[in-house]
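We did not get these values from a lab; they are worked out from the coordinates using the rules stated. Remember, predicted model here, so these are calculated numbers, not experimental data. Positions of Cβ are backbone-derived with ideal geometry, glycine not excepted, and every protein chain shown enters the neighbour counts.
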Amino acid sequence: MGSKKKPKIIQQNKKETSPQVKGEEMPAGKDQEASRGSVPSGSKMDRRAPVPRTKASGTEHNKKGTKERTNGDIVPERGDIEHKKRKAKEAAPAPPTEEDIWFDDVDPADIEAAIGPEAAKIARKQLGQSEGSVSLSLVKEQAFGGLTRALALDCEMVGVGPKGEESMAARVSIVNQYGKCVYDKYVKPTEPVTDYRTAVSGIRPENLKQGEELEVVQKEVAEMLKGRILVGHALHNDLKVLFLDHPKKKIRDTQKYKPFKSQVKSGRPSLRLLSEKILGLQVQQAEHCSIQDAQAAMRLYVMVKKEWESMARDRRPLLTAPDHCSDDA
């Protein structure tokens with residue numbers, strides 16, 4: 001019996017190992033489907049069964065932008081190209097958000113110059129400013145650019161003397177009734193500067209090296225102001241450093257205008273406070289600009305020009321009737 005079984009075993013092994021034997025490979029799909037239900041679990045057909053599922057799962061994975069492996073080679077798919085494009089877009093710098101703009105006491109104009117208009121727009125929004133810059137809000141663009149009946153003056157100052165406590169004119173700016181700048185010059189120091197006060201004045205040593213002589217500035221400013229209404233804030237300080245005088249009846253000082261003081265509830269309001277409460281604009285957030293300060297003072301004056309000029313004409317009679325004056329103010 002042992003000798004009879006041996007040939008059968010050899011023959012069976014040959015059938016399993018031979019790729020030529022009929023019915024073993026079953027490449028045709030119809031034959032495979034027909035025999036699938038009767039194939040034993042340990043047969044070769046059973047081991048091939050998971051292949052379609054593996055291919056399907058790979059197809060689904062390729063939809064997510066991965067690569068398909070074919071015969072050991074990696075082939076880029078359409079999803080892979082789209083993924084690269086998306087990655088390139090992500091690499092581009094995103095526009096700033098409100099959380100990115102956290103700067104304190106920085107002029108939006110400076111932010112715009114350093115970072116860009118989108119960042120400046122966010123900064124102005126956080127400060128409650130209009131979309132345009134403060135300077136543009138204080139200027140009537142299509143208006144006359146020459147000298148007008150009223151001119152606003154502002155000076156930036158540096159410190160001189162042992163402790164830098166004495167002030168000296170470093171920059172002089174004048175704007176007309178429409179906020180257009182008609183004069184802006186740096187002033188050459190007449191004695192050593194001991195404190196440039198840059199954080200407030202915005203003045204640096206290089207600015208004054210190219211400055212004009214004080215005598216020339218005095219003469220030019222005096223000529224421009226002659227016979228005109230002079231507008232400004234705390235003008236006595238500006239006139240003092242220029243060694244100039246101006247008729248009191250032609251001075252319109254926004255720090256001393258009583259209705260403004262009542263409106264903001266301050267005996268000596270700052271230009272910054274008046275601009276914020278009355279104009280709805282924030283100036284002097286960082287380094288001051290004499291042009292912008294003069295523009296803000298002029299805008300305040302223009303807002304109440306009719307009332308202010310009426311009070312100025314009636315000033316003499318009002319001095320003899322203090323009760324009426326206090327009621328008016």
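For the pairs K185/K305; K240/K306; K140/K305; K188/K219, flag any whose C-alpha to C-alpha distance is greater than 19 Å.
K185/K305; K240/K306
Given a Förster radius of 35 Å and the C-beta distance between K277 and E165 as r, what FRET efficiency does 1/(1 + (r/R0)^6) yield to the nearest 0.05?
Here the calculated transfer efficiency is 0.70.
Amide H of Y183 versus every other amide H placed in the peptide plane: which residues, excluding those fewer than 5 positions away on the same chain, fall under 5 Å?
For Y183, the qualifying residues are I174.
When Lys and Arg each count +1 and Asp and Glu each count -1, what net charge do the other residues less than 9 Å away from I174, Cβ to Cβ, add up to?
Taking every Cβ under 9 Å from that of I174, the sum is -2.
For region 150-314, give me the percentage of DSSP beta bridges that are antiparallel, rounded to the nearest 5 percent.
70
Provide the gained length on full extension for the span K226 to S270, in nm with one decimal, where the gain is 0.36 nm per separating residue minus the Cα-Cα distance.
Here the segment from K226 to S270 would lengthen by 13.2 nm.
Roughly what would the spin-label model give for K248 and E141, points 7 Å off Cα along C-beta, in nm?
4.3
Determine Rg/Rh for region 150-314; Rg is computed over alpha-carbon atoms and Rh is the Kirkwood hydrodynamic estimate from the same atoms.
When Rh is taken as the Kirkwood radius, the ratio is 0.97.
Would you grab the residues whose amide H sits under 5 Å from the one on E212? Only those 5+ places off in sequence or on another chain, please, with H modelled 1.01 Å from N.
Y186, V187, K188
Residue separation times 0.36 nm, minus the C-alpha to C-alpha distance between M303 and Q210: what's the value? Don't skip to the answer; put the middle values down first.
On the way: separation 93, 0.36 × 93 = 33.48 nm, distance 3.64 nm.
Net length gain for the segment: 29.8 nm.
Assigning unit charges at the beta carbon (Lys, Arg +1; Asp, Glu -1) and nothing else, what dipole magnitude in debye, to the nearest 20, does region 150-314 show about its Cα centre?
820
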